[in-house]
Amino acid sequence: MDAADIVASLLILGIVVVSLLSNVVVLICFLYNPEIRKQVPGLFILNLTFCNLLQSVSNMPLTLVGLVTSGHPGGIGFCQIVGFLDTFLTTNAMLSMAALSIDRWVAVVFPLSYHSRIRHRDAVMVLGYTWIHSMCFSAVAICRSWLGYNHLYASCTLCSVRTKAAGKQFIVFTVALHCLTFLLTLIVMCVTYLKVLKVARSHCKRIDVITMQTLVLLVDIHPSVRQKCLEEQKRRRQRATKKISTFIGTFVVCFTPYVITRIVELFSPGPINPHWGVFSKCLAYSKAASDPFVYSLLRHQYRKTYSLLANKVLKRSPLNSSSFRLESKARTTTVTPAQPSASNHQLTNQSANEDKRV
């Protein structure tokens, strides 16, 4: 092993640990909190978590073994099964992200009719499609013996070395796979999330107008309260943009290098640097470690759930009511007069509701 392989091995090991821990926490929160289970997005997140966990215990460890041993991990049949899982899980995870983006688009654009448009039955049908879509491509690949150990990525996956006789068929299959998974998901995410961002900004503008009208009417408002309202306006405008950028940005950064390398591999006359191939595969694996934070663990409902679980495990109780009352009294004494504070509180609640939809 050279220095690059050692770094790649440590990187994959870190990705495996983070992915396992974070996805297990998401799964525990889903099983523990009945409110999360009742929500339609929870089904999509559960499916995404299942794909990430299975990939963390199957594909990632074998890639680590391939880097350490610099050879073929296991027999040909075993490697084909792992390659089948690699194609199936990656495709399924991408389509789950597309389903999540569509769900959030409906929730923000059609908030009043959301529960009638997106029901658990509809979510199950969408998940059924993602499984059938992923299973079809994986089944074709394993039936045509297009799966094996690919030294460029040090993993069991689609292998062009074993398919030189297939020629154009393998090229068409690979291009179709990435167009109907990666490209399709990217288009859906960009269209839906940009519409969500547009609606969120229009909501923020309406709230800003109400805030400015309130500040104009309250002539004797304390300067600190006025400054706090203006700062909240700025944070509200930036919050939705950061969320949308995170959703799309992590997907592009993690999967684009791997997909481009796959396409270049089909048409490149010369060999590709194996260090780059392994690095692009590591980036694709890192999406499984980032998904729990992007879609779940940083949201209020999940944070509240795993905080309660941590308190139970550590045999600690939440903050008692007396300390909470002292903090609330201290806050009320510092804010004067009471009427501006109440109006500011209402505006904050409105912005919080908009953020939950995004």
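What the table shows:
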read-out: Top-ranked residue in the range 103-153 [being open to solvent by less than 40 Å² (accessible area, probe 1.4 Å) and assigned to a loop (DSSP other than H, G, I, E, B); ranked as nearest to Asn59 (Cα to Cα)]; value: Tyr153
read-out: Every residue from the range 271-296 that is more than 17 Å from Val16 (Cα to Cα) and open to solvent by 30 Å² or more (accessible area, probe 1.4 Å); value: Pro271, Ile272, Asn273, Pro274, His275, Trp276
read-out: The range 15-37, residues that are in a helix (DSSP H, G or I) and open to solvent by less than 30 Å² (accessible area, probe 1.4 Å); value: Ile15, Val16, Ser19, Ser22, Asn23, Val26, Cys29, Phe30, Ile36
read-out: Residue within the range 171-184 that is under 23 Å from Ile12 (Cβ atoms), open to solvent by less than 40 Å² (accessible area, probe 1.4 Å), under 18 Å from the mean Cα position of the chain (by Cα) and hydrophobic (A, V, I, L, M, F, W, C) present; value: yes
read-out: Condition broken by Val40, with the remaining ones in (1) open to solvent by less than 40 Å² (accessible area, probe 1.4 Å); (2) under 17 Å from Tyr153 (Cα atoms); (3) in contact (Cβ under 8 Å) with a residue 60 or more places away in the chain satisfied; value: (2)
read-out: Tally, over the range 12-37, of residues that are without any contact (Cβ under 8 Å) to a residue 40 or more places away in the chain, closer than 17 Å to Cys282 by Cα and in contact with a Ser or Thr (Cβ under 7 Å, 6 or more places away or on another chain); value: 1
read-out: Only listed residue being under 24 Å from Ala107 (Cα atoms), modelled with pLDDT under 85, out of contact with any Leu (no Cβ under 7 Å at 6 or more places or on another chain) and of a type outside the set (D, E, K, R), chosen from Ala240, Ala200; value: Ala200
read-out: Selection from the range 242-270 of residues that are of a type in the set (D, E, K, R) and surrounded by 14 or more Cβ atoms within 10 Å (Cβ to Cβ); value: Lys243, Arg262, Glu265
read-out: Among (1) closer than 27 Å to Phe44 by Cα; (2) in a helix (DSSP H, G or I) - the single one Gly77 does not satisfy; value: (1)
read-out: Residue within the range 84-95 that is polar (S, T, N, Q), farther than 23 Å from Phe279 by Cβ and modelled with pLDDT of 95 or more present; value: yes
read-out: Of all residues in the range 127-151 being without any contact (Cβ under 8 Å) to a residue 40 or more places away in the chain and of a type in the set (Val, Ile, Thr), the one that is farthest from Leu194 (Cα to Cα); value: Val140
read-out: Residues satisfying the stated conditions in the range 43-75, i.e. open to solvent by 60 Å² or more (accessible area, probe 1.4 Å) and either in contact with a strand residue (DSSP E or B) (Cβ under 7 Å, 6 or more places away or on another chain) or aromatic (Phe, Trp, Tyr) (or both); value: Phe50, His72
read-out: Any hit, the range 85-102, residues being within 23 Å of Val140 (Cα to Cα), free of Cβ contacts under 8 Å to residues at least 60 places away in the same chain, open to solvent by 40 Å² or more (accessible area, probe 1.4 Å) and more than 18 Å from the chain's Cα centre (by Cα); value: yes
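The values are calculated or read from the model by the stated rules, or taken from the named source; none is laboratory data. Predicted model, so just to flag it, every value in this text is computed and none were measured. Note that we place each Cβ from the backbone using ideal geometry, even for glycine, and neighbour counts take in every protein chain shown. Just so you know, the surface numbers come from the protein's heavy atoms only, side chains and all, with ligands and any DNA or RNA stripped out. Shrake-Rupley method; radii C 1.70, N 1.55, O 1.52, S 1.80 Å.
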